[in-house]
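Enquirer: The structure that follows is given in the form of structure tokens.
We did not get these values from a lab; they are worked out from the coordinates using the rules stated. The model shown is predicted, which means the values in this text are computed figures rather than measured ones. Using ideal geometry, Cβ is built from the backbone for each residue, glycine included, and neighbour counts are taken over all protein chains shown.
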Amino acid sequence: MPEIFLNGQAVQAREDQTVLQVALENGVFVPYFCWHPHLSTAGNCRMCLVEVEGRGLDIACNMPVSAGMKVFTDSDDVKAHRKAILQFITLNHPVDCGICDKAGECTLQDYHYAYNGEPSLSVDAKVRSTKYYNLSNRILLDNERCILCLRCTRFTHEISKSMALGIERRGDVSNIRPVEDRPLGEDPYSDNIVDLCPVGALQSRQFLYKSRVWYLKATPSVCPGCERGCTIQVWHRKPEWFVKSLDQRQNTSIARITPLENPAVNGPWICNKGRDLARIFERVRADQPMLKGRPVPVAEAIDAARRLIGAARHPVALVSNWGSNEELDSFKRHLGEVFVHAHVKTDWQPEEGERLEDDLLIRPDKNPNTAKARELFDMGEPNYHDGTDLVLVWGEGYDFSRIPPQAKIIFLNSYLAPENGHADVFLPLSIQTERAGHYTNFQGVVSKFEPCFPKGEAVLDAEALFKALEAPPRGHT
Amino acid sequence: MSSRKPYVRKRYWNEPEMGWYERSYFFEIWRGIRITGGVFLANMWKWMTGRKGALTAYYPEEIRADYAAHNRGKHILTQRPDGRPQCVACNMCATVCPAQVIEIDAAFDPDDPEHPKYPSRFEIDYSRCVFCGLCVEACPEDAIRMVKETPDLPGFDRGRMWLKQDELLNWQPKQDVAKPYPAAGAGRTRGAP
Ligand code: SF4
Ligand code: SF4
Ligand code: SF4
Ligand code: SF4
């Protein structure tokens, strides 16, 4: 264990570490653009310069530790050079923060205010470049803003392995460009480069000009897109910035989704499906309890369901593998005795053309909580027989024609579907962005999600609903 | 031992200087009543004989014409030469606004690379605006200004006091913006052969 001196402070380091890693580990911040803990070291931005006694200035990200070295991260020399490097990086930068989606969370903005703070010294006109280069149907590239840190190209070479991006030409006319025959659009992890980009050069089309980032807040959540259960951040409008005149749906819709770094599950990445959860969650919702398609108040529908459950002799339940751990437990605890035959239902099948599995994140089962459901209930299709007189279907994705015709149906679903009206009792359920809970992924790691939006008046939380259904029916049958 | 003199508060106000005439109270009160009553009676006489008396404007039917040039009355959005808003929907004004009354929807125009982001909706709630002018100061594009004329404020429903983009643009259209469009002095282009 070599010992090195950081600004005069002795710290322990491992032999395989670089000075930048040691500094960050010990709470000494050294600014950097191109270095990233999960990518190879490029050393091209020169922002992480530090001074080593007797050796002068050099970049910390590529400097192996050696015993007894004396490193200064904040000497006058380092400060002066940082300033010069920022001048250099912004030489041709358009500084159009007003129309840049990164503004507010931009590394270049932050470093400018922290380490430079001066207007450009250059008297020459800035070099212009392609403002909106169409990288894929998900990502736009602004070559003027690009600082050529090569994080995006290294990501496609080292992490997603699509090798989709490269750099063409040299000097101040070099540009990031897609490689022919390797379309970025087919890389299922492509959107990670939008987060990776330290400036606003890579812009998500979904989020383009949708909102300034300081209007938004992030709620921790779990991606239900597959059994990996990556932890994510759901960004939505802060209540103090709710709009009053514009479209009110802005206040309660998902603005964007970014990964929530989690070494146990997904590291700092998620796949593109995780960015598109609005497509799943913002379908038209069911918000009205019904008896055979006739709208009724919540209490009446719950009563009807309890009567059906109380009268059934051979009931069968199909349990959703989109239910949270708490909801599945609640079902087992409150309804497990009545529904002896409870089978796990697969709510969501892989879509056409969707990648089934790879060695980075994507898993074949496209449901978030099969692991926990399997622990508590039987797998496989239930055996219906002539005596089956009640089927409780929890969640979507089940073909009602498989249910024997004589059986009554209780259906719990969150979205508008033709089946809702066919069920004897229909109860609308809340969705993941409206409640708190946990999912267990296929490795057994439990991750939590928190509510982002309020739920509708007649919409029920499954956990409480199962408890309400347990009590024997009131009054006579 | 300190030899400093004790602190004496500086007197920066005037003592009232009153002679016996002012002190006797009655004459000064009478002078006041005479001035006020005189103006009142003169106006009353004009009113009774069918002429306009006091200078008071009968707001909102009448709006006074002599607002100061720098009165912060009503917002306008300045225009580019083609009549579209100079605003780039950066939301600086909406962010700085202490009353949080500016709401902007941004849109993308791929056909205009010099001005790709523009407001598709721009609305100000006059029932809550405090006319501080901070929005004008915050704007990097000279896209929002306040003119001295007041908006048509009175109304019966505070929910309907939003000034919409069409009115902001067409009320006294202004094109002499401080930030020219398109921007002057473009340099070389990367990627061009
Ligand atoms: S990348 Fe950063 S500094 Fe550059 S325009 Fe965008 S916000 Fe401003
Ligand atoms: S696009 Fe962004 S991540 Fe890629 S090289 Fe440019 S600045 Fe770096
Ligand atoms: S004048 Fe002040 S209160 Fe009114 S819109 Fe502008 S910033 Fe907001
Ligand atoms: S009026 Fe000015 S500050 Fe407000 S959004 Fe438009 S450009 Fe930005």
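Enquirer: When you scan the stretch B:68-77, do you find a residue that is closer than 30 Å to A:F242 by Cα, more than 14 Å from chain A (Cβ to nearest Cβ) and among the polar types (S, T, N, Q), even just one?
Expert: no
Enquirer: Next question. Would you say A:A218 is over 20 Å from A:G104 (Cα atoms) and either surrounded by fewer than 22 Cβ atoms within 10 Å (Cβ to Cβ) or of a type in the set (F, W, Y) (or both)?
Expert: No; evaluated as a whole, the condition is false for this residue.
Enquirer: Somewhere in the stretch B:159-170, is a residue away from ligand 3 (no atom under 16 Å from the Cβ), over 14 Å from the mean Cα position of the chain (by Cα) and charged (D, E, K, R)?
Expert: yes
Enquirer: Checking A:Q288 against (1) polar (S, T, N, Q); (2) in contact with a Pro (Cβ under 9 Å, 6 or more places away or on another chain); (3) assigned to a strand (DSSP E or B), only one condition comes out false. Which one?
Expert: For A:Q288, the failing item is (3).
Enquirer: Quick check on B:I124: is it among the β-branched types (V, I, T), in contact (Cβ under 8 Å) with a residue 12 or more places away in the chain, surrounded by 20 or more Cβ atoms within 10 Å (Cβ to Cβ) and within 7 Å of ligand 4 (Cβ to nearest atom)?
Expert: In short, no.
Enquirer: So, in the stretch A:91-126, of the ones that are more than 12 Å from chain B (Cβ to nearest Cβ) and polar (S, T, N, Q), which residue ends up nearest to A:P31 (Cα to Cα)?
Expert: A:T107
Enquirer: Write out, first by first residue and then by second, each pair whose Cβ atoms fall under 7 Å of each other, whose residues are 6+ apart or on separate chains, and whose first residue, in the stretch B:62-84, is under 12 Å from B:T150 (Cα atoms) while the second is away from ligand 1 (no atom under 16 Å from the Cβ) and acidic (D, E).
Expert: Filtered contacts from the stretch B:62-84: B:Y67/B:E149; B:G73/B:E149; B:K74/B:E149.
Enquirer: How about the stretch A:74-100: which of its residues are more than 16 Å from ligand 2 (Cβ to nearest atom) and in contact with a helix residue (DSSP H, G or I) (Cβ under 6 Å, 6 or more places away or on another chain)?
Expert: Those that are more than 16 Å from ligand 2 (Cβ to nearest atom) and in contact with a helix residue (DSSP H, G or I) (Cβ under 6 Å, 6 or more places away or on another chain): A:R82, A:K83.
Enquirer: To continue, here is another question. Give the residues of the stretch A:246-282 that are more than 22 Å from A:S204 (Cα to Cα), polar (S, T, N, Q) and either in contact with a Gly (Cβ under 9 Å, 6 or more places away or on another chain) or part of a strand (DSSP E or B) (or both), sorted by residue number.
Expert: A:N262
Enquirer: For a quick check of your reading of the model, give me the residue pairs whose first member lies in the stretch A:186-200 and is of a type in the set (G, A, S), whose second is near ligand 2 (Cβ under 9 Å from one of its atoms), with beta-carbon atoms closer than 7 Å and at least 6 apart or on different chains.
Expert: Listed pairs, sorted by first residue: A:G200/A:D142; A:G200/A:R145.
Enquirer: Is one or more of the residues making up the stretch B:142-159 touching a strand residue (DSSP E or B) at 6+ places or on another chain (Cβ under 8 Å), at the interface with chain A (Cβ under 9 Å from one of its Cβ atoms) and under 27 Å from B:A68 (Cα atoms)?
Expert: no
Enquirer: Name, by its number, the condition in (1) touching a helix residue (DSSP H, G or I) at 6+ places or on another chain (Cβ under 9 Å); (2) within 30 Å of A:C100 (Cβ to Cβ); (3) surrounded by 14 or more Cβ atoms within 10 Å (Cβ to Cβ); (4) more than 14 Å from chain A (Cβ to nearest Cβ) that does not hold for B:G133.
Expert: Checking B:G133 against (1) touching a helix residue (DSSP H, G or I) at 6+ places or on another chain (Cβ under 9 Å); (2) within 30 Å of A:C100 (Cβ to Cβ); (3) surrounded by 14 or more Cβ atoms within 10 Å (Cβ to Cβ); (4) more than 14 Å from chain A (Cβ to nearest Cβ), the one that fails is (1).
Enquirer: Please go through the stretch A:319-356 and pick out each residue that is in a helix (DSSP H, G or I) and of a type in the set (A, V, I, L, M).
Expert: A:L328, A:L335
Enquirer: Which members of the stretch A:246-264 meet the condition of being under 19 Å from A:S190 (Cβ atoms) and basic (K, R)?
Expert: If the condition is that a residue be under 19 Å from A:S190 (Cβ atoms) and basic (K, R), then A:R256 is the only one that fits.
Enquirer: Provide a single number: the residues in the stretch A:1-34 that are part of a loop (DSSP other than H, G, I, E, B), surrounded by 12 or more Cβ atoms within 10 Å (Cβ to Cβ) and in contact (Cβ under 8 Å) with a residue 40 or more places away in the chain.
Expert: Within the stretch A:1-34, the subset part of a loop (DSSP other than H, G, I, E, B) is A:1-2, A:7-8, A:13-17, A:26-34.
Remaining after also requiring surrounded by 12 or more Cβ atoms within 10 Å (Cβ to Cβ): A:2, A:7, A:13, A:17, A:26, A:28, A:30-34.
If we keep only those that are in contact (Cβ under 8 Å) with a residue 40 or more places away in the chain too, we end up with A:2, A:7, A:13, A:17, A:28, A:30-31, A:33-34.
Total meeting the criteria: 9.
Enquirer: Name every residue in the stretch A:167-192 that is surrounded by fewer than 20 Cβ atoms within 10 Å (Cβ to Cβ) and away from chain B (no Cβ under 14 Å), in order of residue number.
Expert: Across the stretch A:167-192, the qualifying residues are A:V179, A:E180, A:D181, A:R182, A:P183, A:G185, A:E186, A:P188.
Enquirer: Tell me whether the stretch A:316-326 contains one or more residues that are farther than 15 Å from A:G225 by Cβ, in contact (Cβ under 8 Å) with a residue 24 or more places away in the chain and in contact with an Asp or Glu (Cβ under 7 Å, 6 or more places away or on another chain).
Expert: Yes; the residues of the stretch A:316-326 include at least one that is farther than 15 Å from A:G225 by Cβ, in contact (Cβ under 8 Å) with a residue 24 or more places away in the chain and in contact with an Asp or Glu (Cβ under 7 Å, 6 or more places away or on another chain).
Enquirer: Now for a different question. Inside the stretch A:193-228, can you point out the residues that are part of a loop (DSSP other than H, G, I, E, B), within 14 Å of chain B (Cβ to nearest Cβ) and under 24 Å from A:E351 (Cβ atoms)? Working first, answer last.
Expert: Going through the stretch A:193-228, the residues part of a loop (DSSP other than H, G, I, E, B) turn out to be A:197-201, A:205-212, A:223-228.
Remaining after also requiring within 14 Å of chain B (Cβ to nearest Cβ): A:200-201, A:205-212.
Of everything in the stretch A:193-228, those that are part of a loop (DSSP other than H, G, I, E, B), within 14 Å of chain B (Cβ to nearest Cβ) and under 24 Å from A:E351 (Cβ atoms) turn out to be A:R205, A:Q206, A:F207.
Enquirer: Next question. Can you tell which of B:P98, B:P81, B:P113, B:P151 is within 16 Å of ligand 1 (Cβ to nearest atom) and not in a strand (DSSP E or B)?
Expert: Residue meeting the stated conditions: B:P113.
Enquirer: Looking at A:A114, A:A201, A:A103, which one is under 26 Å from A:K83 (Cβ atoms), of a type outside the set (V, I, T) and within 16 Å of ligand 4 (Cβ to nearest atom)?
Expert: A:A103
Enquirer: Got a number for residues in the stretch B:130-148 being in a loop (DSSP other than H, G, I, E, B), within 11 Å of ligand 3 (Cβ to nearest atom) and touching a Pro at 6+ places or on another chain (Cβ under 9 Å)?
Expert: Total satisfying the criteria: 2.
Enquirer: Okay, moving on. Specify the residue that is farthest from ligand 3 (Cβ to nearest atom); the eligible residues are those in the stretch A:229-245 that are in a loop (DSSP other than H, G, I, E, B) and buried (at least 24 other Cβ atoms within 10 Å of the Cβ).
Expert: A:G229
Enquirer: Another question about this same structure. Kindly evaluate B:F122 against the criterion of being away from every other protein chain (no Cβ under 11 Å) and either of a type in the set (S, T, Y) or under 22 Å from the mean Cα position of the chain (by Cα) (or both).
Expert: no
Enquirer: Got a number for residues in the stretch B:167-180 being away from chain A (no Cβ under 14 Å) and surrounded by fewer than 17 Cβ atoms within 10 Å (Cβ to Cβ)?
Expert: Summing the residues that are away from chain A (no Cβ under 14 Å) and surrounded by fewer than 17 Cβ atoms within 10 Å (Cβ to Cβ) in the stretch B:167-180 gives 9.
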